[in-house]
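Student: The structure under discussion is supplied below as structure tokens; questions concerning it will follow.
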Ligand SMILES: CC(C)(COP(=O)(O)OP(=O)(O)OC[C@H]1O[C@@H](n2cnc3c(N)ncnc32)[C@H](O)[C@@H]1OP(=O)(O)O)[C@@H](O)C(=O)NCCC(=O)NCCS
């Protein structure tokens, strides 16, 4: 088990984050999304896991609206951990820390589009009732997962995402 700290990122981390994402997602280009989320004007929860002063993991939680209501939701992603340190609970710890922070700011529900086999480990359930901001391919519906941060009813409506997420290509088109 490795020792690591979790802290908020700052603009000076961008270069280290780019290196991390290129290593963790060699076949997917998420760098421009990460740059927009972490370095842009959209307020996000951006947490890094740091070990020996190096960033070894990262997660973003983006505050979102819900159509037809004043409820606050949060979109989890992207999430990654440097390949050499997989299976040391860094990913799970980043998810937990981000959910705690989102809860403190009044977020009621977290959504994630990702592998249910992984996110179920952190309490996510498949097939959220809340609609994704863009129509998802049929085969991705179960991957659209949700988790309440309180005891209330699941949210309904459509997730309203800020600028960096307003791209159909990020949603399977
Ligand atoms: C997914 C990822 C963030 C997990 O990080 P991590 O720090 O290794 O996660 P944890 O240590 O908390 O959990 C590891 C466990 O999850 C399992 N796991 C990881 N990815 C999984 C997946 N896609 N499906 C099912 N189980 C998965 C591991 O096998 C491991 O199981 P074990 O504890 O029984 O050995 C990391 O593997 C990663 O960065 N992958 C590449 C990028 C990616 O896929 N990001 C998620 C986008 S949806």
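The values are calculated or read from the model by the stated rules, or taken from the named source; none is laboratory data. Everything numeric here is computed off the predicted structure, so don't read it as measured data. Counting neighbours? That spans all protein chains shown, and the Cβs are built from the backbone with ideal geometry, glycine included.
Student: Report every pair of residues separated by at least 6 positions or lying on different chains whose Cβ atoms are under 9 Å apart, first residue within segment 103-120 and more than 20 Å from residue 151 (Cβ to Cβ) and in contact (Cβ under 8 Å) with a residue 12 or more places away in the chain, second within 7 Å of the ligand (Cβ to nearest atom) and part of a helix (DSSP H, G or I).
Tutor: Sorted first by the residue in segment 103-120, then by its partner, the pairs are 118/91.
Student: Right, something else. Looking at segment 134-166 only, could you name the residues that are touching a residue at least 40 places away in the same chain (Cβ under 8 Å) and either under 16 Å from residue 77 (Cα atoms) or part of a strand (DSSP E or B) (or both)?
Tutor: Hits for segment 134-166 are 147, 148, 158, 159, 160, 161, 162, 163, 164, 165.
Student: Does segment 90-122 hold any residues that are near the ligand (Cβ under 7 Å from one of its atoms), exposed (fewer than 14 other Cβ atoms within 10 Å of the Cβ) and over 13 Å from the mean Cα position of the chain (by Cα), and which are they?
Tutor: Matches in segment 90-122: 117, 121.
Student: Is there a residue in segment 75-87 that is modelled with pLDDT of 95 or more and more than 13 Å from the ligand (Cβ to nearest atom)?
Tutor: no
Student: Regarding residue 27, is this residue out of contact with any strand residue (DSSP E or B) (no Cβ under 9 Å at 6 or more places or on another chain), within 13 Å of the ligand (Cβ to nearest atom) and free of Cβ contacts under 8 Å to residues at least 40 places away in the same chain? Working first, answer last.
Tutor: Working: out of contact with any strand residue (DSSP E or B) (no Cβ under 9 Å at 6 or more places or on another chain): yes; within 13 Å of the ligand (Cβ to nearest atom): yes; free of Cβ contacts under 8 Å to residues at least 40 places away in the same chain: yes.
Yes.
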